[in-house]
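**Student:** Have a look at this one before I ask anything.
The values are calculated or read from the model by the stated rules, or taken from the named source; none is laboratory data. Just so you know, these numbers come straight off a predicted model, no measurement behind them. Every residue, glycine as well, gets a Cβ built from its backbone with ideal geometry; the counts of neighbours run over all protein chains shown.
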Amino acid sequence: MTIVKKTIIAVCVVSLALLTSLYFISNAIYLKGFDKIESQTVEKNVHRVTEAIAAKVDALNTFCYDWADWDDTYDFARGYNQEFVDRNFQDETFSSSDINIIAILDTSGKMVYGKAYDFADSMEIAFPDDFMDIVAAQGLVNPADMDSGVSGIINISGQPTLIASRQILNSLSEGPTTGTIIMGRFLNTTVLSDLATTTHLPITLAPSATVQSNPDLKGVAALLNTAASVYVRAENNGYIAGYTFINDITGNPTLLVKIEMIRDIHAQGVKVIGLLRLSSLVIGIIFCVAFIILMYKILLTRLTALKNNVNKIGSMGDLSVRIPVIGKDELSKLTGNINNMLESLEKSEIKRRSQKELLGHIIANTPNAVLATNESEQILLANRAFERIFGADEAGIIGQQFDSLVQLGNIIPEFRAFLDSGSMNLKKELQYNYQGRKKTIIASFTRASEDVDKLFFMILTDVTEERAKQERLYLTDRLVSVGEMASGIAHELNNPLTSVIGLSEVLAEEDVPAQMKEDLSAINTEAKRAAVIVKNMLSFARKRLSLKQCTQINRVVEDVLKLRGHEQSLNHINIVPNLAPDLPEINVDFFQIQQVFINIVLNAEQAMVEAHGKGTLTITSEKVDDIIRVTFVDDGPGIDKEHLNRIFDPFFTTKEVGKGTGLGLSISYGIITAHHGLIYAKSETGKGATFVVELPVQTENTEEI
Amino acid sequence: MANNETKHRVLFLEDEPIISRIVTRILVVDGFEVDIAPNGLVARDKINSGNKYDIFIFDIRTPIMSGIELYEYLEREHPEMTDRVIIATGDCLNDITKVFLERLKRPYLTKPYTMTQIKTAVRQILNMEPIADLEEITCP
């Protein structure tokens with residue numbers, strides 16, 4: 001979700017929450033406040049009604065007092081007097097003073113006079129039957145308090161009635177009392193409308209009997225009995241009602257007063273709250289819109305622009321792009337920081353790339369074969385040298401399983417063993433052998449990391465030539481050191497040999513016995529033989545200028561065969577020449593190569609004659625790739641295995657003493673090596689010997705050897 | 001040839017006394033007068049002290065002053081004498097010797113040489129015979 005959306009939603013949710021709380025708070029505070037005021041008003045009005053009733057009682061009591069402390073009444077109570085009745089108890093007395101009942105009792109409590117009148121209908125009515133019983137029971141006869149009498153409300157014949165009772169005294173309010181005067185006024189609709197007029201309230205009165213028969217009022221009565229003196233209740237009809245009980249003279253609740261008011265205050269409250277909510281909603285909406293617009297203008301559009309810019313850079317991968325910086329606020333600083341970050345990223349990326357390129361170049365151009373695989377043995381990388389050595393297509397093998405490269409031959413099990421071993425490094429010299437290709441390889445296996453992405457790689461170095469060179473160098477070293485020694489010895493021997501040869505010659509010319517002459521000749525011959533050996537040693541030891549010329553190798557072979565032809569036929573040596581007719585001429589020293597061939601042929605002849613007095617020597621010449629190969633195969637006794645790798649060592653000979661110097665093949669080795677060729681022997685005891693001379697086909701002229 | 005006045009004089013540069021003795025003996029028998037110099041310096045002094053020599057035989061490896069140095073001296077000081085020099089060497093394969101001999105284009109003897117070879121070489125110089133193959137035992 002975008003920040004824009006989030007912001008809009010957040011602002012809306014917060015505003016909504018605020019408005020909702022305002023809704024409930026307004027209900028809780030404002031409406032309750034209004035309702036409390038309403039309820040208090042109702043209560044006050046209820047009190048006004050009860051006070052109005054109490055005032056009516058008081059007025060009745062006062063009226064009753066006027067009659068009680070009067071001499072005429074005083075006398076009338078002592079003895080009935082028709083004249084007093086006629087004069088005072090006319091219907092007008094009742095209607096003008098709103099009195100319904102007047103009763104005068106004597107001191108014994110017996111009623112002297114009693115009259116009931118309905119001033120609403122303006123007619124006398126029957127005096128209630130139960131009046132005397134009720135007043136007696138309520139203690140209204142001869143009330144103890146002479147000053148204020150007894151007043152209150154009682155039920156007469158089920159009709160609530162205001163009542164006042166006083167002892168009758170003389171006009172000076174002195175006794176002794178002659179009886180009791182009781183006045184009553186029915187609490188009927190007339191009184192109620194009077195009260196309603198006084199209080200401006202619609203009033204309903206319900207006597208106890210009515211309350212008991214009405215379940216709703218019964219519930220209200222129960223609440224009033226247990227709790228407050230006034231009970232306020234909202235009615236269904238849009239009015240609010242206040243209830244209270246008015247007690248009778250004995251203190252028992254006898255009359256339920258109910259007033260009703262239109263719920264003006266509540267309605268006003270509801271209206272105020274409605275307005276408040278509406279205005280809050282409007283303000284909230286305006287706030288939201290304004291906030292969002294401002295946020296959008298100040299922050300969000302710029303954030304979005306920044307995001308888009310960063311996204312663009314990310315998708316293009318172009319770290320050289322910079323985001324334009326506008327203004328000087330935090331967002332501008334952030335943009336600046338991003339730019340700085342981009343710059344350092346760009347720098348490190350350039351550095352990383354150049355390092356990667358450098359590494360790539362190094363890996364690609366290293367002469368060693370490099371192959372990297374991941375944990376599942378998939379090839380991740382192979383360089384050119386690998387391609388060259390193993391004939392694999394560098395790009396085509398990426399992603400393949402490494403063991404699918406069958407040309408790796410025995411390197412596969414070696415690498416697998418390394419993987420299984422769990423070791424970090426392994427360096428090993430291997431004899432690689434695949435389909436007849438033999439190589440000496442130093443394999444270096446490495447486990448790159450212990451991380452999630454495991455990387456294994458092998459570096460294969462082809463040391464075949466180095467090993468061969470080392471081998472040759474070793475032999476050459478031996479030849480050189482032996483040669484230096486031989487040179488010294490030869491040189492020192494030449495002088496005494498000159499003397500021996502010279503002296504024996506001179507002496508032989510003297511007049512000496514024939515026997516001695518023969519001996520001197522022998523001395524001379526032997527010294528000369530020694531001189532030949534010395535010369536051979538020197539020629540082996542010394543470099544000399546060799547004269548290279550374009551030479552047909554076949555001619556060298558033929559020359560050698562011509563030289564040896566006579567001897568060979570004497571020794572029953574059969575020569576089988578097998579010379580390729582179209583060999584190119586190569587640049588070699590004719591006489592040196594001739595010497596090599598003579599050495600080989602002589603050795604073969606000697607071996608075959610010694611073994612079985614005859615033999616066959618097959619000489620083959622051929623061109624194989626860029627070399628000319630001359631092979632000499634004899635059917636002599638062969639060369640013992642332990643001798644085979646020593647035959648090119650100087651002074652190594654199997655011939656009996658005096659028959660060989662042990663230098664022939666050493667010299668031959670020196671000559672062929674100097675021609676950048678190869679000379680080697682293959683043999684098994686009893687199966688003859690094969691000598692092979694390989695010379696490169698080359699075109700350069702004379703070369704110092 | 002026995003005539004004193006016609007006797008040819010040979011200067012033999014050789015540090016090996018036995019070889020000098022044998023060569024002297026056979027050359028004296030043939031009517032030569034042989035002067036021995038055990039080193040190049042002695043030989044040079046002999047040449048410079050007015051002695052006339054018909055033949056010079058120089059061994060190459062001699063003490064103090066070698067046969068090569070002496071020959072080079074002759075080339076500088078007495079070039080007319082150089083075509084009467086026979087070089088004898090024990091080591092014709094030595095690089096310096098080899099270069100020297102190739103430059104010279106003169107007959108040379110390699111040790112061990114025979115007396116016949118010495119006599120033939122001397123005779124060839126005297127008779128101005130063309131240079132023939134002197135070597136019985138040749139370098140390879």
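**Student:** Give me the pairs, please: first residue somewhere in the range A:320-333 and in contact (Cβ under 8 Å) with a residue 12 or more places away in the chain, second residue anywhere and aliphatic (A, V, I, L, M) and loosely packed, with under 14 Cβ neighbours inside 10 Å, beta-carbon distance under 7 Å, and either six or more positions apart or on two chains.
**Tutor:** Cβ pairs passing all conditions: none.
**Student:** Right, next: Going through A:LYS347, A:LYS328 one at a time, which residue ends up being surrounded by fewer than 14 Cβ atoms within 10 Å (Cβ to Cβ) and in a helix (DSSP H, G or I)?
**Tutor:** On inspection, the qualifying residue turns out to be A:LYS347.
**Student:** If I go through the range A:369-390 residue by residue, how many of them are in contact with a helix residue (DSSP H, G or I) (Cβ under 6 Å, 6 or more places away or on another chain) and under 25 Å from A:ALA417 (Cα atoms)?
**Tutor:** 8
**Student:** State yes or no: is A:GLY391 touching a strand residue (DSSP E or B) at 6+ places or on another chain (Cβ under 8 Å) and at positive phi?
**Tutor:** So A:GLY391 does not fit the description; no.
**Student:** Further, regarding this structure: Condition first: in contact with a Leu (Cβ under 8 Å, 6 or more places away or on another chain), more than 11 Å from chain A (Cβ to nearest Cβ) and assigned to a helix (DSSP H, G or I). Now tell me which residues in the range B:98-121 satisfy that.
**Tutor:** B:THR120, B:ALA121
**Student:** Out of A:VAL512, A:VAL532, report the one residue that is in a helix (DSSP H, G or I) and either at the interface with another protein chain (Cβ under 9 Å from one of its Cβ atoms) or more than 12 Å from B:MET115 (Cβ to Cβ) (or both).
**Tutor:** A:VAL532
**Student:** Now, a different point. Restricting to the range A:378-393, and then to whatever is over 19 Å from A:TYR432 (Cβ atoms) and surrounded by fewer than 16 Cβ atoms within 10 Å (Cβ to Cβ), can you tell me which residue is farthest from the chain's Cα centre (by Cα)?
**Tutor:** A:ASP393
**Student:** Is the range A:518-529 home to any residue that is within 11 Å of chain B (Cβ to nearest Cβ), in a helix (DSSP H, G or I) and within 22 Å of B:ASP15 (Cα to Cα)?
**Tutor:** Looking for residues that are within 11 Å of chain B (Cβ to nearest Cβ), in a helix (DSSP H, G or I) and within 22 Å of B:ASP15 (Cα to Cα), one finds at least one in the range A:518-529, hence yes.
**Student:** Right, something else. Looking only at residues in the range A:597-621 that are at pLDDT 90 or above and farther than 17 Å from A:GLY688 by Cα, which one is nearest to the chain's Cα centre (by Cα)?
**Tutor:** Filtering first and then ranking leaves A:SER621.
**Student:** Just name the residue that is farthest from A:VAL49 (Cα to Cα) out of those in the range A:247-263 that are surrounded by fewer than 16 Cβ atoms within 10 Å (Cβ to Cβ) and in contact (Cβ under 8 Å) with a residue 60 or more places away in the chain.
**Tutor:** Checked the range A:247-263; the qualifying residue farthest from A:VAL49 (Cα to Cα) is A:THR250.
**Student:** What number of residues within the range A:214-246 are loosely packed, with under 13 Cβ neighbours inside 10 Å, within 15 Å of A:PRO202 (Cα to Cα) and at pLDDT 80 or above?
**Tutor:** Residues in the range A:214-246 being loosely packed, with under 13 Cβ neighbours inside 10 Å, within 15 Å of A:PRO202 (Cα to Cα) and at pLDDT 80 or above: 2 in total.
**Student:** Kindly list the number of the only condition in (1) surrounded by fewer than 17 Cβ atoms within 10 Å (Cβ to Cβ); (2) within 26 Å of A:ILE533 (Cα to Cα) that fails for A:ILE679.
**Tutor:** The number of the failed condition is (1).
Every residue, every condition in (1) under 14 Å from A:LEU561 (Cα atoms); (2) without any contact (Cβ under 8 Å) to a residue 12 or more places away in the chain; (3) away from chain B (no Cβ under 14 Å); (4) among the basic types (Lys, Arg), yes or no:
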| position | (1), (2), (3), (4) |
| --- | --- |
| A:ILE575 | yes, no, yes, no |
| A:LEU579 | yes, no, yes, no |
| A:GLU585 | no, no, yes, no |
| A:PHE597 | yes, no, yes, no |
| A:ALA611 | no, no, yes, no |
| A:LYS614 | no, no, yes, yes |
| A:THR620 | yes, no, yes, no |
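**Student:** Return a yes/no flag: does the range A:131-139 have any residue that is among the β-branched types (Val, Ile, Thr) and without any contact (Cβ under 8 Å) to a residue 24 or more places away in the chain.
**Tutor:** yes
**Student:** So, one more: It is to be established whether one or more residues within the range B:75-84 are in a loop (DSSP other than H, G, I, E, B), touching a helix residue (DSSP H, G or I) at 6+ places or on another chain (Cβ under 6 Å) and either away from every other protein chain (no Cβ under 14 Å) or at pLDDT below 90 (or both).
**Tutor:** no
**Student:** Determine whether A:ALA531 is touching a Leu at 6+ places or on another chain (Cβ under 9 Å) and either at pLDDT below 85 or surrounded by 18 or more Cβ atoms within 10 Å (Cβ to Cβ) (or both).
**Tutor:** Yes, satisfied.
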